[in-house]
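Heads up, the thing below is written out as structure tokens.
The values are calculated or read from the model by the stated rules, or taken from the named source; none is laboratory data. Keep in mind the model is a prediction, meaning the values are calculated, not measured. No Cβ is skipped: glycine too gets one built from the backbone with ideal geometry, and neighbour counts run over all protein chains shown. Ligands, DNA and RNA are excluded from the accessible area calculation, which covers all protein heavy atoms including side chains. Shrake-Rupley method; radii C 1.70, N 1.55, O 1.52, S 1.80 Å.
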Amino acid sequence: MNFKEITRGVYYAGVNDRVTTLFEGLWPLPYGVSYNSYIVDGGDGLALIDTVRIDEVREFLGNIGRIAPGRKIDWLVVNHMEPDHSGSIPEVVRAYPDIRIVGNSQTISMIKGFYHIDDDGRFLEVKDGDTLDIGGRTLRFYLTPMVHWPETMMTYLEDSRLLFSGDAFGTFGALDGGVVDSEMETDRFFPEMYRYYSNIVGKYGKFVQRALEKLSGLLPLDYICSTHGPVWHDRINEVIALTDRLSSCRPEAGVTIVYGSMYGNTAEVAEVVARELCRLGVRNIRIHNASHSSMSDMISDAFRYEGLIVGSATYSMGLFPPVESFMRAMETREIKGKVFAAFGGYTWAKGSVMAEIGKFSERMNMPVVASMAMRQTLDDASRAEARALAASVASALTLK
Ligand code: FEO
């Protein structure tokens, strides 16, 4: 294998995973995922930045051995402890017994808890802004808690304007030959970046904003080396702008409709609403049948677009379960700033759906701009109500 030297003395040592179907056991991986790790040659020392999921450890250790044949690895910098990046730490320690592990106090505590590596002399604890000379080149550490776990930090290679960013700026999708964005077509990664951000990091927008603020003094960067997906070089500005937009809940023009329907009646309302939105000029409309769409895609579109309309059949005097799960996912991620509307279908329990939606709306501080309840099937009156709901949403949208 030909290993990629990203820039002088910085090598890609990561691996692709085209086997796992659900990331974190939850999120579909139709195009796989990469677990990125890097080696920095400091001259008189070598530093390894993060590891990979344990399932790929054999390939990973092979990569390290071929990038740096016969050399010892002096430092292992652990930017993030989620096991997709920390899982191979014990095997790296076994392969390089003198290696010292660099992390902050929470990192070290988690390594002891996850992997029972307890020899304190093994660790070098760093604080925000600390530097480490790795044999002639300097790494600087920035603590960026909750991007995505409390211990997360980023590592800056000063002489190359290169940031090892952990999960930040990451995306689903394996690397099909290329590593750096400049050596491949990367448009296909952007939808996956929406999905990755909203699914994995979406709850922690205010922490991502703090991290972006902290890192703003490092701009312009030459390379961003995330733990997932391409190394960013040509498209750094776009990737930072997208992360800024998503983490500050600044949506794009469009409306997401998520509905749940048992026999197709509530589904018909969704179609009427969407048709009317389109007639009124809304150009990005995404409809999800909650029984069939993946939660991952529904969350991604809900993050992305300004309007959110939820429709639910009445089920056991409440929301249809897949719709309720979706609303819980929205609440968990503290989604806000949506033009929010809802419709319900009922046979005898007229107020049930809107009562439940009302509770979510209140807890999420996301007012319902329009609602309607359809009795059993659409008729002329309820069709008109559905169109009126769409008109209310269309006129409330600020992004046209
Ligand atoms: Fe890719 Fe939060 O781990």
Per DSSP, loop chymotrypsin sites (Phe, Trp or Tyr not before Pro) in region 183-265 with at most 11 further Cβ within 10 Å
Tyr263
Report the dimensions of region 275-400 along its three principal axes from the alpha-carbon atoms, largest first, rounded to Å.
37, 33, 27
Among Cys225, Cys249, Cys278, which one shows the biggest mean-square fluctuation in a GNM of the chain, springs joining Cα atoms closer than 10 Å?
Cys278
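At most 16 other Cβ atoms within 10 Å and a DSSP loop assignment: could you name the trypsin sites (Lys or Arg not before Pro) in region 162-240 that fit?
On the way: sites: Arg188, Arg195, Lys203, Lys206, Arg210, Lys214, Arg235; in loops: Arg188, Arg235.
Answer in residue order: Arg188.
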Need one number: convex hull volume per residue for region 39-108, Cα atoms only, in Å³.
79 Å³
I'd like the chymotrypsin sites (Phe, Trp or Tyr not before Pro) in region 320-400 restricted to DSSP loop residues with at most 14 other Cβ atoms within 10 Å, sorted by number.
Trp348
Dipole-positive endmost among Gly65, Gly177, Leu218 within the chain (Cβ charges, Cα centre)
Leu218
Between region 94-169 and region 269-335, the Cα center-to-center distance that results, in Å:
40 Å
Just name one of Ser395, Phe320, Gly25: the one whose Cα is farthest towards the positive end of the charge dipole of the chain (beta-carbon charges, Lys/Arg +1, Asp/Glu -1).
Ser395
Starting from the Cα gyration tensor of region 89-142, take the square roots of the eigenvalues, sort them a ≥ b ≥ c, and report rounded, prolate or oblate (rounded when a/c is under 1.5, otherwise prolate if a/b is larger than b/c, else oblate).
oblate
Could you estimate the translational diffusion coefficient of region 171-214 from the Stokes-Einstein equation, with Rh from the Kirkwood formula over C-alpha pairs, at 25 °C and 0.890 mPa s, in whole µm²/s?
206 µm²/s
Run the accessible area of region 319-381 with a 1.4 Å probe and give the carbon-and-sulfur part as a rounded percent.
49 percent
Dipole magnitude (debye, nearest 20) for region 1-97, charges at Cβ of Lys, Arg, Asp, Glu:
300 debye
Assuming a ≥ b ≥ c are the square roots of the Cα gyration tensor eigenvalues, decide whether region 71-171 counts as rounded (a/c under 1.5), prolate (otherwise, with a/b larger than b/c) or oblate.
oblate
Residues with amide H under 5 Å from that of Leu46, placed H, sequence gap 5 or more:
Asp74, Trp75
Calculated log₁₀ intensity ratio I(q)/I(0) where the Debye formula runs over C-alpha points of the chain, q = 0.11 Å⁻¹
-0.80
Using the Karplus equation 6.51 cos²θ - 1.76 cosθ + 1.60 (θ = phi - 60°), what ³J(HN,Hα) coupling, rounded to whole Hz, does each residue of region 31-45 give in order, writing x for Gly and Pro?
10, x, 7, 10, 10, 8, 9, 9, 10, 10, 8, x, x, 9, x
Could you tell me the largest-minus-smallest coordinate of the C-alpha atoms of region 2-73 on each of the three principal axes, in descending order and whole angstroms?
43, 22, 20
Under 5 Å between amide hydrogens, which residues at least 5 positions from Ser226 or on another chain qualify, with H placed 1.01 Å from N in the peptide plane?
Ser165, Trp232
List every residue whose amide H lies under 5 Å from the amide H of Tyr38, counting only residues 5 or more places away in sequence or on a different chain, with H placed 1.01 Å from N in the peptide plane.
Ala13, Ile49
Taking region 105-229 as the region of interest, what is the percent of Cα-Cα pairs per 10 angstrom bin, listed from the shortest bin to the one with the maximum distance?
12, 36, 37, 15, 1
